[in-house]
Amino acid sequence: MNNVLGIVLGGGAGTRLYPLTKTRAKPAVPLGGKHRLIDIPISNCINSGISKIYVLTQFNSASLNAHISRAYSFSGFQQGFVEVLAAQQTPENLDWFQGTADAVRQYLWRFEDMDVDEYLILSGDHLYRMDYSEFVQHHRNTNADITLSVLPIDHERASSFGLMKIDDSGRIVDFSEKPKGEALKQMQVDTTTLGLSADEAQVKPYIASMGIYLFKREVLIDLLKQQPEQTDFGKEIIPGSARDYNVQAYLFNDYWEDIGTIESFFNANLALVKQPDPMFSFYDEAAPIYTRARYLPPTKHLQCEVTQSMISEGCILKECRIINSVIGIRSRIESGCTIEDSLIMGADYYQSNVERRGTCDSASTPLGIGANSTIRHAIVDKNARIGCNVQILNKDRVQEADREDEGFYIRSGIVTVLRGATIPDDTVI
């Protein structure tokens, strides 16, 4: 795998994940209490033996830069690296990245200098665990110019994806973007060709792109240089290459989730606490998900009731109830609180006892969740200050609301408290 270069696409402005992307790049959004979205593709690369990794981004990249520089450093005796490449103006190009292909094109001069045989293009906002070495081996065995990792899909979900058709050798011969009706039926394929059993193939007769592409070195360079007007891999570069190049499909028949919206992000986090077997687990010793080592103290529980939840390190929980929730690092939850079906992202730092003051009568609201507050079906972003006796319940079942001046948004019925926001005592949302 030393001859493979990993290129992670950090995505655009992340508008569908707003307000979580208000001050951070989409790949830097916290996940599972202590990780970040970017940790998923980077860890998959490292576990697959790919140690040369670039991350392309252009929006709010400061926190992403800080996380990567602190989390991923290789020994001086190794050739590996994880490095952020942010969009920049040059004398030749004054524009920001115009799409996935354009992002790679603008840094092609750097990638060409790398002594590699293949370029692995990845997305920074998907949740899955994959051994890329098997993907690369399939690419080489089929002598493919381009290989796409594909997901078998059932009829109910198929129209939400870009679909492909393959021939008997697994070569991709047709593409269709979110087809419906008769056009959808025309995209059915025999997925046993890719390794599904006959029963599985009957249930999942469609294949969808996962946004994971492997290019031969010279093929990617030629395509990006010869077609400068094409800016997107999935919509332009790859569909246009199927006729002249050997474009192969590689089946990934496992858990994969696009967490590009508030709803999918929320559901993916809460799915981590499901028992006995969550769809995605951080408890796999053979393929760990790496992140920044913070050397925090153990979490302290003071007469708490915790049910089916994940509690990160460095928290202080006092006489509270936590049900089906994910609690992030350095969270402080005071007595009398109930946290249910929620994601609490925690804090980046501790407040001193002097700053906290410890009572509901203080003039300022400390970091964390104040006493006797109830939070249900919500996301509380980092460094938020929730006062005492606050009720975040969305009792009126509002689906969409922009209340940034009050410190929160509602997306798909999920209340999202802004990073660093203050929700005063006795507030009801």
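Laboratory data are not the source of any read-out in this text; all were calculated from the coordinates shown. Here the structure is a predicted model, which means the values were calculated and not measured. Note that each Cβ is placed from the backbone with ideal geometry, even for glycine, and that neighbours are counted across all protein chains shown.
Model label points for residue 404 and residue 199, set 7 angstrom from Cα along the Cα-to-Cβ axis, are 5.2 nm apart.
Counting only DSSP beta bridges whose two residues both lie in the chain, roughly 40 percent are antiparallel. The long axis of helix 217-226 is offset from the longest Cα principal axis of the chain by roughly 90 degrees.
Placing +1 on the Cβ of every Lys and Arg and -1 on the Cβ of every Asp and Glu, with no other charges, gives the chain a dipole of roughly 1200 debye about its Cα centre.
What 222 nm value per residue comes from the helices of the chain, counting each DSSP H run with n ≥ 4 as -39,500 (n - 2.57) and dividing by all residues, nearest 500 deg cm²/dmol? Each step should come with its number before you reach the end.
Numbers: 11 runs with 79 residues, N = 429.
Rounded to the nearest 500, the figure is -4500 deg cm²/dmol.
Helix 262-271 and the longest principal axis of the C-alpha atoms of the chain enclose an angle of approximately 80°.
Using the alpha-carbon centroid of each, what span in Å lies between the stretch 294-360 and the stretch 24-43? That distance is 21 Å. Among the trypsin sites (Lys or Arg not before Pro) found in the stretch 153-214, those both in a DSSP coil and sparsely packed, with 12 or fewer other Cβ atoms within 10 Å of their Cβ, are 180.
Taking GluC sites (Glu not before Pro) as candidate sites, keep only those in a DSSP loop with at most 10 other Cβ atoms within 10 Å, then name the longest stretch of the chain containing none of them. The longest uninterrupted stretch comes out as 286-429. Taking other residues whose beta carbon is less than 13 angstrom from the beta carbon of residue 381, and scoring Lys, Arg as +1 and Asp, Glu as -1, yields +4.
Based only on other Cβ atoms within 10 Å, what is the fewest-to-most ordering of 426, 277?
Details: 426 14, 277 6.
Fewest-to-most ranking of 426, 277: 277, 426.
Taking the chain, the Cys residues with no second Cys beta-carbon under 4.7 angstrom are 45, 304, 315. On a per residue basis, the convex hull of the C-alpha atoms belonging to the stretch 300-423 measures out at 94 Å³.
Residues considered: 125, 381, 102. Largest GNM mean-square fluctuation over the chain, using C-alpha springs under 10 Å, is found at 102. Largest GNM mean-square fluctuation across 183, 208, 158, computed for the chain with C-alpha springs under 10 Å, falls on 183. Calculated from the structure at hand, P(r) over Cα pairs in 20 Å bins from 0, in percent is found among (i) 28, 58, 14, 0; (ii) 25, 52, 22, 1; (iii) 22, 39, 31, 8, 0 as (ii). Among 216, 395, the ranking by other beta carbons within 10 Å of each residue's beta carbon, starting with the fewest, stands as 395, 216. The stretch 226-251 and the stretch 100-163 have Cα centres separated by 11 Å. Exposure proxy shown here: for 256, 109, the number of other Cβ atoms within 10 Å sets the order, fewest to most, as 109, 256. Rounded to the nearest 10 degrees, what's the angle between the helix 132-141 long axis and the longest principal axis of the chain, both from Cα atoms, 0 to 90? Value to nearest ten degrees: 10.
In the stretch 158-270, a dipole from Cβ-located charges (positive for Lys and Arg, negative for Asp and Glu) runs towards its positive end, and of 169, 230, 202 it is 230 whose Cα lies farthest in that direction. Rounded to the nearest 20 debye, the dipole size of the stretch 7-85 about its Cα centre is 260 debye, using +1 on the Cβ of Lys and Arg and -1 on the Cβ of Asp and Glu.
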